[in-house]
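Before any comments, here is the structure.
The values are calculated or read from the model by the stated rules, or taken from the named source; none is laboratory data. Keep in mind that this is a model prediction, so the values were computed, not measured. Glycine gets a Cβ as well: all are built from the backbone with ideal geometry, and neighbour counts include every protein chain shown. SASA here: full protein model, heavy atoms, side chains in, ligands and nucleic acids out. Shrake-Rupley method; radii C 1.70, N 1.55, O 1.52, S 1.80 Å.
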Amino acid sequence: MPQPAREKPAEVNPLAAGVLRRNSLESWTRPAPSLYPHQWSWDSAFIALGLAHLDNRRAAQELETLFASQWSTGKLPHVIFNPEAPPQSYFPDAERWGSAALSSDAPSSPHTSGLCQPPVHAIAVLRIWESAQVKNKERIELAREFLRDSYPRLLAWHLYLTTARDPEGSGLVTIYHPWESGTDNSPRWDEALEAVEVGEELPPYTRYDLQHVADPSHRPSDEEYDRYLWLLETLKRARYDEAAIYESHPFLVKDVLFSAILIAANEALLEIADAVEAPDEERALVEGWIERGRESLDEHWDEDLRLCLDYDLRAGKPARVRTVAGFAPLIAGGLSPKRLEDLLQTLDSPAFAGNPRLAFPLPPSTSPEEAGFHPRSYWRGPVWPVTNWLLWWSLLRAGEQERAGKMRRDALAQVAEGGFAEYFEPFTGEPLGSPDQSWTAAVSLDFLAAGGS
Ligand code: 2M8
């Protein structure tokens, strides 16, 4: 049963701001104080979205710090290592990735991982620009400067994703590792990951993540970690070279959620392109990416499940698992009325937010009707505030104001009751994972700024 409300939604704002302040270092924010002591890519994008409502300049800095570590290929790395982090606080560390030593495309300092994460960044840049409009003239000018500096960074990032990560020109992004999806141990990846044979040469390692959580069984399993670490070794063998990875890497999957976020981010990039008066050819390029991406999501639609499915390139088949990623077309936007109706029905069904056992009618990360569902294990079932945000934002863009308003109220009620947890048990609302997760606080600030009852 849910605990009695700890805070009223109106009191969430100062508390959320406090979490971000405490997790903040000079120019960037830790996703959580002890579990995640470095800068993570899509966390920082969500954090910037929230910070935009508190301190526009600091929000811009969050992304500038990330952009400063962009690879020469355009890739924004998934982790930027904090040299000041306590030793043995997070694994794999900078040394294990060896990015700069292996690839001349990587920045030499600070060290970064060799992967990337979903491209929420353009959406955050646009939010910073929009929120500056209600402030003074000086703030608008600073935001305009930030927009001008960010635009080429974002264009290079999206170009990387639509070329190196889509050599087939399919419209969908290929990921090399479940960590790139941001939904690490989701059952979306079970089959593709099980097919990865861990080599005996896997160097030994110690997991530090388990020291920071109340119950280690909520985190990915040791078997999963062996495979995660083995994939890292195979990327290193390819020296992080995209063409070599494409030839030999055992995990290549077209990720529909990542791709849908890219489509939505391309829409944001178009608005940024307008504001900075970018050349017409660049706008046409971005428009082409949006169109191709939406067509391709349509090709990966499963009529029976009424969801969109990831596609395993190595096995040559879709991953038929119902997870929150299946709502990708809603996030990508531009839907036909029929497809929107299908998605809303799936969302409201017992397979997701309409499940009668839920503490709050919010979509669990994996459908409770799936065999791979687990209510307490990380991305295998818990409710994640960032996915609530993505769906809320997408519902608004789809013109579904009423539903969006309801999701916003429920998401705020959940944090008012359980605090700014990393994730929540779907049936009890129990807060799980890190208790002071930055992106949970950040999306709560954005929900609050959107107003409404
Ligand atoms: C989780 O991922 C990291 C690996 O990147 C981990 O489990 O150690 C995911 O929830 C990911 O989406 C998130 O960006 C990261 C930091 O919050 O933690």
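Quick look at the numbers
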read-out	value
Residue check for Arg292: over 22 Å from Glu168 (Cα atoms) and open to solvent by 60 Å² or more (accessible area, probe 1.4 Å)	no
Residue in the stretch 122-136 that is within 30 Å of Val383 (Cα to Cα), within 16 Å of the ligand (Cβ to nearest atom) and either at pLDDT below 95 or in contact with a helix residue (DSSP H, G or I) (Cβ under 7 Å, 6 or more places away or on another chain) (or both) present	yes
Residue list for the stretch 343-381, filter: open to solvent by less than 30 Å² (accessible area, probe 1.4 Å), part of a loop (DSSP other than H, G, I, E, B), more than 15 Å from Met407 (Cα to Cα) and hydrophobic (A, V, I, L, M, F, W, C)	Ala351
Yes/no for Val443 being surrounded by 22 or more Cβ atoms within 10 Å (Cβ to Cβ) and out of contact with any Ser or Thr (no Cβ under 9 Å at 6 or more places or on another chain)	yes
The listed residue being touching a Leu at 6+ places or on another chain (Cβ under 8 Å), crowded, with 17+ Cβ neighbours inside 10 Å and either of a type outside the set (A, V, I, L, M, F, W, C) or within 29 Å of Leu285 (Cβ to Cβ) (or both), out of Ser181, Ser170	Ser181
Residue match in the stretch 149-166 (condition: open to solvent by 60 Å² or more (accessible area, probe 1.4 Å), closer than 25 Å to Ser72 by Cα and without any contact (Cβ under 8 Å) to a residue 40 or more places away in the chain)	yes
For Asp222: the one exception among (1) surrounded by 23 or more Cβ atoms within 10 Å (Cβ to Cβ); (2) at pLDDT below 95	(1)
Answer from Ser453, Ser438 - the residue that is at pLDDT below 95 and either within 13 Å of the ligand (Cβ to nearest atom) or over 22 Å from Leu210 (Cβ atoms) (or both)	Ser453
Any hit, the stretch 254-270, residues being surrounded by 19 or more Cβ atoms within 10 Å (Cβ to Cβ), under 30 Å from Asp348 (Cα atoms) and among the aromatic types (Phe, Trp, Tyr)	yes
Candidate set from the stretch 164-211 (those that are β-branched (Val, Ile, Thr) and within 22 Å of Ile263 (Cβ to Cβ)); member that is nearest to the ligand (Cβ to nearest atom)	Thr183
Residue within the stretch 101-112 that is within 16 Å of the ligand (Cβ to nearest atom) and hydrophobic (A, V, I, L, M, F, W, C) present	no
Only listed residue being of a type in the set (Gly, Ala, Ser), open to solvent by 30 Å² or more (accessible area, probe 1.4 Å) and on the phi < 0 side of the Ramachandran plot, chosen from Ser41, Ser69, Ser104	Ser104
Hits in the stretch 107-123 (condition: farther than 15 Å from Thr387 by Cα and either open to solvent by 10 Å² or more (accessible area, probe 1.4 Å) or among the aliphatic types (A, V, I, L, M) (or both))	Pro107, Ser108, Ser109, Pro110, His111, Leu115, Ala122
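Every residue, every condition in (1) without any contact (Cβ under 8 Å) to a residue 12 or more places away in the chain; (2) in a helix (DSSP H, G or I); (3) more than 13 Å from the ligand (Cβ to nearest atom), yes or no:
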site	(1), (2), (3)
Glu26	yes, no, yes
Gln61	no, yes, yes
Gln70	no, no, yes
Pro86	no, no, yes
Tyr90	no, no, no
